[in-house]
């Protein structure tokens, strides 16, 4: 029978989920930039301090301008998330808050020092010893990566809940240390840090490549591209290894998530790997997929004939949405593979004949890759978050049990979506102005390549 | 460790008010400033808070983490029933941070600067207002979890004269701190006088706002006067706060920079501490005389143990770093 109260609550849950997704999806872009740019800047900065070539100072300062803006937006969107944990999922926080507080308090500390170091770096030019100033930039990077790694511990705990006993709907015998050092932390943290480097480096390199391709063939863009691509190419090659480690881990710990990722409906030995494909959740069939026989068993368990658990072994009300998770996974892996190849090409060119990098074809390819790393990050987060559903704490608490009883979440959703959309548009506009201003503001932005 | 956690809770609240509060106050002052002064005001503010504002605002995150880690049931209750004013806080934080950094990091200076400045000023008012409203709501005791309709559960606790007057009061405190701090940020005598005058006006406004809070308290059944009498420490705080006023005026009149700041900080700390002493042992007052106390909502020992340790480590790392940052940028 139609019960308006139940429908309303369901809509509330969807609105809360969407709001969380938008908030996380928005914030993660800035978090990645905040984690990685300090290292890129430190590289350029170091080259200036060692060689005295103005171009490196120009690059450091130009990048700082953008980073300052992105850092601030990242900080405020992060504040939103810390509140939204309670605003959207108060029941979750009521139970989980006392268990996973440790990574959050450490993250807060790391972030505090990062903000302090950022203040010193951005405003300290000429006010403190030049190497101390450079050091502050390194501290920003280290603290950024630390806070990223620490906050991932909390998310990892949601996937592998440890450090407590769940008795009669309450957590007892809490061990915060065990909770923080849960079995999913290492693989998730590694994958996220590498992803941040790939996404940010390729985005930066892509933008400079685009300017070169457009005809602004200056020292500024060339040197900047080279610095960014060193980070990007190396991490893009490492990321698939990390992905493999993660997949093997999930095969053991969260078979439902792996089954959804791979759209594997039938448990089987010698399970095939699906490339592409659109799963039909009604008929439990996958259309348009390329099947690579036995490959999934091998990737997941290291044995071509190993049994991989399919969705048939997961009760229907415990299955994640397959269509979203599978497609997101394909997008992530597809982009990851492409970036790996583009990075490999870069390293080969750099070693053999750097002039090949400046060929329009390769520059266009790099430019095309600009947003792809971030797209992969969003897709990857979709895989892991939607793939964990219906659980908010895997196997312990459902997302529907955790949501706020306050109705009207759709309004909060509209508010923040509107706000973040406006901010995104403004940021794109600001970045365009900054890039256009490069020739005007920096001599090396006017110096052509010889 | 429980004491450590409580001390850090109060400390992060205090530091947030003294440092981020002043930050907001600078924006509020700009909002009510005459147009002719605005541009210079903005430049002085930027020079004053540019390097330190991001760090200043993290005290709020520390506060939130201590709450959800150490007193999770209270955090859940707060987040559920004060959802709307907390949204107001967030809206102000996001708009303010973005507007501030867009204004000062855009490569081109054109009309867009005026829009950012406009958003900055108004959002500087929104956050402290709703923070004050939230504080008022946890004092008042209208929160009734699971009882009544939407209005009673989610609106009435904060949309009332008492909470709103507390929002106004907190805005005045922030503006007062900003006015006193900003005097020393410019060597231009004309602007020093402008800030001095502002400080006078806002001090008077704060007194009126305080009286309004007391009156509203009486009207809404939360007698602040009675509670002061019951809590000697609070009375001491209020007396000290009032007593410091003439010293603040004297030191400002003498053209000093650091003494008025320290005294104003001291005064506001006394106000905040008085509140803490009235409120304790209650964390959130509920309807019908019930309450969520610190004791009742505290997390298990293991959690508090780790939280306390983390806070001590954090304090040892952050305080010297913050001191170093301030020293680099505030030394004469």
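Residues that are within 9 Å of chain B (Cβ to nearest Cβ), part of a loop (DSSP other than H, G, I, E, B), farther than 18 Å from residue B:318 by Cα and modelled with pLDDT under 95 do not occur anywhere in the range A:81-91. Taken over the range B:65-79, the criterion of being part of a helix (DSSP H, G or I) and either in contact with a strand residue (DSSP E or B) (Cβ under 9 Å, 6 or more places away or on another chain) or surrounded by fewer than 22 Cβ atoms within 10 Å (Cβ to Cβ) (or both) is satisfied by B:67, B:73, B:74, B:77, B:78. Given the condition in contact with a helix residue (DSSP H, G or I) (Cβ under 6 Å, 6 or more places away or on another chain) and assigned to a loop (DSSP other than H, G, I, E, B), answer yes or no: does some residue in the range A:409-432 qualify? Checking the range A:409-432: not a single residue is in contact with a helix residue (DSSP H, G or I) (Cβ under 6 Å, 6 or more places away or on another chain) and assigned to a loop (DSSP other than H, G, I, E, B). Scanning the range A:145-169 for residues that are surrounded by fewer than 22 Cβ atoms within 10 Å (Cβ to Cβ), closer than 20 Å to residue B:305 by Cα and out of contact with any strand residue (DSSP E or B) (no Cβ under 8 Å at 6 or more places or on another chain) yields A:154, A:162, A:163. Do you know which residues across the range B:276-332 are farther than 25 Å from residue B:55 by Cα, more than 11 Å from chain A (Cβ to nearest Cβ) and more than 24 Å from the chain's Cα centre (by Cα)? Selection gives B:287, B:288, B:289, B:290, B:295, B:296.
Within the range B:113-122, is there a residue that is part of a helix (DSSP H, G or I), at pLDDT below 95, within 13 Å of chain A (Cβ to nearest Cβ) and surrounded by fewer than 16 Cβ atoms within 10 Å (Cβ to Cβ)? Among the residues of the range B:113-122, at least one is part of a helix (DSSP H, G or I), at pLDDT below 95, within 13 Å of chain A (Cβ to nearest Cβ) and surrounded by fewer than 16 Cβ atoms within 10 Å (Cβ to Cβ), which makes the answer yes.
Would you confirm, using the coordinates I've provided, whether residue B:50 is under 25 Å from residue A:69 (Cα atoms), within 7 Å of chain A (Cβ to nearest Cβ) and surrounded by fewer than 22 Cβ atoms within 10 Å (Cβ to Cβ)? Yes. With respect to the conditions (1) at pLDDT 95 or above; (2) closer than 24 Å to residue A:221 by Cα, residue A:135 falls short on a single one, namely (2).
For every residue, the table says whether it meets (1) surrounded by fewer than 17 Cβ atoms within 10 Å (Cβ to Cβ); (2) in contact with a strand residue (DSSP E or B) (Cβ under 7 Å, 6 or more places away or on another chain).
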{"position": "B:280", "(1), (2)": "yes, no"}
{"position": "B:285", "(1), (2)": "no, yes"}
{"position": "B:290", "(1), (2)": "yes, no"}
{"position": "B:304", "(1), (2)": "no, no"}
{"position": "B:307", "(1), (2)": "no, no"}
{"position": "B:316", "(1), (2)": "yes, no"}
{"position": "B:328", "(1), (2)": "no, no"}
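For the range A:121-138, a residue qualifies if it is within 27 Å of the chain's Cα centre (by Cα) and either in contact (Cβ under 8 Å) with a residue 40 or more places away in the chain or within 7 Å of chain B (Cβ to nearest Cβ) (or both), and the qualifying residues are A:121, A:122, A:134, A:137, A:138. If we scan the range B:150-157, do we find a residue that is over 23 Å from residue B:40 (Cβ atoms) and buried (at least 23 other Cβ atoms within 10 Å of the Cβ)? Yes, the range B:150-157 has at least one match. What about residue A:213, is it over 26 Å from residue A:332 (Cβ atoms), out of contact with any helix residue (DSSP H, G or I) (no Cβ under 6 Å at 6 or more places or on another chain), in contact (Cβ under 8 Å) with a residue 24 or more places away in the chain and surrounded by fewer than 24 Cβ atoms within 10 Å (Cβ to Cβ)? No, not satisfied. Determine whether the range A:134-141 contains at least one residue that is crowded, with 23+ Cβ neighbours inside 10 Å and within 21 Å of residue A:384 (Cα to Cα). Checked against the condition, which is being crowded, with 23+ Cβ neighbours inside 10 Å and within 21 Å of residue A:384 (Cα to Cα), the range A:134-141 yields no hits at all. In the set A:141, A:108, only one residue is more than 7 Å from every other protein chain (Cβ to nearest Cβ) and in a helix (DSSP H, G or I); that residue is A:141. Among the conditions (1) more than 10 Å from every other protein chain (Cβ to nearest Cβ); (2) more than 27 Å from residue A:124 (Cα to Cα); (3) in contact (Cβ under 8 Å) with a residue 60 or more places away in the chain, residue B:267 misses just one, which is (3). Scanning the range B:80-108 for residues that are outside any helix (DSSP H, G or I) and either facing chain A (nearest Cβ under 8 Å) or more than 21 Å from the chain's Cα centre (by Cα) (or both) returns B:106, B:107, B:108. The set of residues from the range A:400-433 being farther than 30 Å from residue B:154 by Cα and within 25 Å of the chain's Cα centre (by Cα) comprises A:424, A:425, A:426, A:427, A:428, A:429, A:430, A:431, A:432. Count of the range B:147-179 residues, restricted to those that are within 14 Å of another protein chain (Cβ to nearest Cβ) and outside any helix (DSSP H, G or I), is 6.
Is one or more of the residues making up the range B:199-211 part of a helix (DSSP H, G or I) and surrounded by 24 or more Cβ atoms within 10 Å (Cβ to Cβ)? For the range B:199-211, residues part of a helix (DSSP H, G or I) and surrounded by 24 or more Cβ atoms within 10 Å (Cβ to Cβ): present.
Taking the conditions (1) more than 9 Å from every other protein chain (Cβ to nearest Cβ); (2) surrounded by fewer than 20 Cβ atoms within 10 Å (Cβ to Cβ) in turn, residue B:273 satisfies each one other than (2).
Residues that are in contact with a helix residue (DSSP H, G or I) (Cβ under 8 Å, 6 or more places away or on another chain), surrounded by fewer than 17 Cβ atoms within 10 Å (Cβ to Cβ) and within 14 Å of chain B (Cβ to nearest Cβ) within the range A:176-190 comprise just one, A:177. Take residue B:22 and decide whether it is over 19 Å from residue A:118 (Cβ atoms) and surrounded by fewer than 21 Cβ atoms within 10 Å (Cβ to Cβ). Answer is no for this residue.
Could you check, for the range A:278-296, whether at least one of its residues is within 24 Å of residue A:237 (Cα to Cα) and crowded, with 18+ Cβ neighbours inside 10 Å? Within the range A:278-296, one or more residues are within 24 Å of residue A:237 (Cα to Cα) and crowded, with 18+ Cβ neighbours inside 10 Å.
The conditions of being more than 30 Å from residue A:332 (Cα to Cα), in contact with a strand residue (DSSP E or B) (Cβ under 8 Å, 6 or more places away or on another chain) and assigned to a loop (DSSP other than H, G, I, E, B) are not met by residue A:128. Among the residues of the range A:111-120, those identified as within 30 Å of residue A:51 (Cβ to Cβ), within 7 Å of chain B (Cβ to nearest Cβ) and in contact (Cβ under 8 Å) with a residue 24 or more places away in the chain are A:113, A:118.
The values are calculated or read from the model by the stated rules, or taken from the named source; none is laboratory data. This one's a predicted model, so the numbers in the text were calculated from it and none came from an experiment. Neighbour counts are summed over all protein chains in view; Cβ atoms, including those assigned to glycine, are modelled from backbone coordinates with ideal geometry.
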